[in-house]
1. Search region 4-31 for residues that are touching a residue at least 40 places away in the same chain (Cβ under 8 Å) and β-branched (Val, Ile, Thr) and pair each with any residue that is part of a loop (DSSP other than H, G, I, E, B) and open to solvent by less than 40 Å² (accessible area, probe 1.4 Å) when their beta-carbon atoms are under 9 Å apart and the residues are at least 6 apart or on different chains.
2. Residues to consider are Ala112, Ala70; find the one that is out of contact with any helix residue (DSSP H, G or I) (no Cβ under 6 Å at 6 or more places or on another chain), buried (at least 19 other Cβ atoms within 10 Å of the Cβ) and farther than 30 Å from Glu162 by Cβ.
3. For region 200-215, how many residues meet the condition of being under 18 Å from Asp172 (Cβ atoms) and either under 26 Å from the mean Cα position of the chain (by Cα) or basic (Lys, Arg) (or both)?
4. What are the pairs with Cβ atoms under 7 angstrom where one residue, in region 119-138, is open to solvent by less than 50 Å² (accessible area, probe 1.4 Å) and among the small types (Gly, Ala, Ser) and the other, located anywhere, is at pLDDT 95 or above and outside any helix (DSSP H, G or I)? Sequence gap at least six, or different chains.
5. What tally of residues in region 167-217 results from selecting those that are within 13 Å of Asp239 (Cα to Cα) and either among the acidic types (Asp, Glu) or open to solvent by 30 Å² or more (accessible area, probe 1.4 Å) (or both)?
6. Among residues belonging to region 33-74 that are free of Cβ contacts under 8 Å to residues at least 40 places away in the same chain and among the β-branched types (Val, Ile, Thr), point out the one that is farthest from Glu131 (Cα to Cα).
Amino acid sequence: PEFTMTWDRYRATRLSDQRVAQGRSHWQQNRSLLERVQAAYGVGPGVIMGIWGLESNYGGYTGGFNVVEALATLAWDGRRASFFRPELITSLKILNAGDIAFPRMLGSYAGAMGQPQFMPTSFLRYAVDFEGSGRRDIWDNTADVLASIANYLAKSGWRPGEPWGERVVLPDGFDPNQAGRENRRSVAEWSRLGVRRADGMALPARPGAAAVILPDGAGGEAFLAYGNFSAIRRYNPSDFYALAVGMLGDLVTA
C-alpha cells in the first residue's frame, strides 16, 4: 500500500481515529515499560508506538500463515528465491533455538513474524529477551515486542532525544525541486528560505540537516524530515510509512 495509494488515502487508513484511540490506551497501559525500554535503548515511546500500531495494530493482527510453510513456498516459487531461501533457513534456526514453537510461529504470507513483523534474519539481528525469560518472544510478550522495535531503531541510527520530523508550511513560490530526501540543508537554512512550522512560528534551532518531504507533490502537505526519519525508513523504505509512523506516534503520546 505504501507504493500504490495516494498519500491522502494512505494517511486516512493508517491514522484513523480508532487506531489513535487504541494506541493511546496501549500507551497508558505500557508507559512504565516504555520508560524502561527508552532507558535501555534511547528510543522514545512515540516512534515505538507508531511502528507497533502500523505493523500489527498493537498486536491485534500478526498474520495467520505458518512462517516456515510460507517461506518454503516462496523459496520454491523462484521469483525471489535468493531472498527467501536464507529467510527459510533462518526460520528453522529460530525454531531450533527454542524461541517459539512451530505451531505458534505465525506471520504474514511473506514470512514477516509476530507483532513487529520481523523477517527471520531481522529477528536474529534485533529481537531481544527484555525480561530475561530465556526466549525472544515477539509474538506474545509485549516487553520483548517493544524492546525489539527499539533495538531495531537504535541499531539503525536512531538519535536519542531528537524528533523524526514535523509538518511545516512552505513559502509562496517554493521550488518543489528543492524537496526530497536527497536535498538536505541545515534547519537554519530552511528557515532563511521561508520554511515555517505548521503553526506559522519559526523553526526551532536544531543540529544536523533536514529535508523537505512532499508526499502528495507540490501544493500538498509538507514535512521537514530530520535524521531519525531515515532510521524509520530502515524499517520500511517508504516515505509514506515513515511519515505515518511519526505522526501516529505523536498523536498517541500527545
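1. Close Cβ pairs (under 9 Å, with a partner that is part of a loop (DSSP other than H, G, I, E, B) and open to solvent by less than 40 Å² (accessible area, probe 1.4 Å)) amount to Thr6/Pro215.
2. Working: Ala112 fails: farther than 30 Å from Glu162 by Cβ.
Sole residue among the options that is out of contact with any helix residue (DSSP H, G or I) (no Cβ under 6 Å at 6 or more places or on another chain), buried (at least 19 other Cβ atoms within 10 Å of the Cβ) and farther than 30 Å from Glu162 by Cβ: Ala70.
3. Filtering region 200-215 for residues under 18 Å from Asp172 (Cβ atoms) gives 200-203, 212, 214.
Pick out the ones that are also either under 26 Å from the mean Cα position of the chain (by Cα) or basic (Lys, Arg) (or both) and you get 203, 212, 214.
Number of matching residues: 3.
4. Sorted first by the residue in region 119-138, then by its partner, the pairs are Ala127/Phe118; Ala127/Arg136; Ala127/Ile138.
5. The total comes to 4.
6. Per the stated criteria, the residue is Thr73.
The values are calculated or read from the model by the stated rules, or taken from the named source; none is laboratory data. All of these numbers come straight from a predicted model, not from anything done at the bench. Positions of Cβ are generated from backbone atoms using ideal geometry, with glycine treated the same way; all protein chains shown enter the neighbour counts. Remember, those area values only see protein heavy atoms, side chains included, never the ligands or the DNA or RNA. Shrake-Rupley method; radii C 1.70, N 1.55, O 1.52, S 1.80 Å.
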